[in-house]
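Data block below; observations after.
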Amino acid sequence: MPTQRIVIAKLSGKAGDVALETFRRWNRARLVDSPNEWGSDHWPDALLREADAWADQLRQHGHLPPVTFFAEYVDLWAGGKPWEKFGDEECGLLQMYGQRWELFCIASPLCAPTTKRLRRDARRGQFDEDKIFGWLTLEADRAWAALIERGAIVFLRLVLGAMVEDHEMAASQMSVPDWMSQFDLP
């Protein structure tokens, strides 16, 4: 289980259409046909770099329209990829793996089965990270819904390292990290 950076963003209107088509184009270029195997070795190197650049650009411009929702957080103890519950076939979740980022995209508004699952997870998910992910994804889907007919929700995942264990977190409470030493400490 990794420590991971998660991004949830909604692109609206034509930008959402282009995002979905970009993911479809990437999927057509995939070198492996198996729906059960996914990894960065399944695409040409040029597309891996393109996907990472795409993810970086979304993060850089996440505060500007037509991005109507943007959330980024770090999960120090994650049990996997929460969007895997969506079901690729059921609601059209598209995937792409870069050299650094894992990217996922789904049309908004979300289909009924996905919305139902997210509502359940937001209310009573097994883990707190399930609740947070469910709530944030539903919030992304609803963002500007009165004004915007369609869009795409994009999920980005960057594995930062191994999960943080309880004893590591407990030990960290007794010290100040090196990066803070450059500032005047009380």
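The values are calculated or read from the model by the stated rules, or taken from the named source; none is laboratory data. Keep in mind that this is a model prediction, so the values were computed, not measured. With ideal geometry, Cβ positions are generated from the backbone for all residues, glycine too; neighbour counts draw on all protein chains shown.
Applying the condition of being basic (Lys, Arg) and assigned to a helix (DSSP H, G or I) to the stretch 129-166 and asking which residue is farthest from the chain's Cα centre (by Cα) yields Arg142.
Taking the criterion of being of a type in the set (Lys, Arg) and within 15 Å of Gly92 (Cα to Cα), the only residue of the stretch 138-155 that qualifies is Arg150. Test Leu20 against the stated conditions and say whether it is surrounded by 19 or more Cβ atoms within 10 Å (Cβ to Cβ) and more than 23 Å from Ala78 (Cβ to Cβ). It is true that Leu20 is surrounded by 19 or more Cβ atoms within 10 Å (Cβ to Cβ) and more than 23 Å from Ala78 (Cβ to Cβ). Of all residues in the stretch 92-109, at least one satisfies being over 30 Å from Glu165 (Cβ atoms), free of Cβ contacts under 8 Å to residues at least 40 places away in the same chain, in contact with a Gly (Cβ under 8 Å, 6 or more places away or on another chain) and surrounded by 16 or more Cβ atoms within 10 Å (Cβ to Cβ). In the stretch 157-165, the condition of being at pLDDT 95 or above and either of a type in the set (Phe, Trp, Tyr) or surrounded by fewer than 13 Cβ atoms within 10 Å (Cβ to Cβ) (or both) is met by no residue. Across the stretch 139-153, the qualifying residues are those that are more than 9 Å from Pro109 (Cβ to Cβ) and in contact (Cβ under 8 Å) with a residue 60 or more places away in the chain, and the one among them that is surrounded by the most Cβ atoms within 10 Å (Cβ to Cβ) is Ile153.
Here Pro177 fulfils each of the conditions (1) over 30 Å from Pro66 (Cα atoms); (2) surrounded by 10 or more Cβ atoms within 10 Å (Cβ to Cβ); (3) not aromatic (Phe, Trp, Tyr) apart from (2).
Report the residue count in the stretch 144-180 for those that are of a type in the set (A, V, I, L, M) and touching a Pro at 6+ places or on another chain (Cβ under 9 Å). Adding up the residues that qualify gives 6. Within the stretch 35-51, being surrounded by fewer than 19 Cβ atoms within 10 Å (Cβ to Cβ), under 9 Å from Gly98 (Cβ atoms) and modelled with pLDDT of 95 or more holds for Arg49, Glu50.
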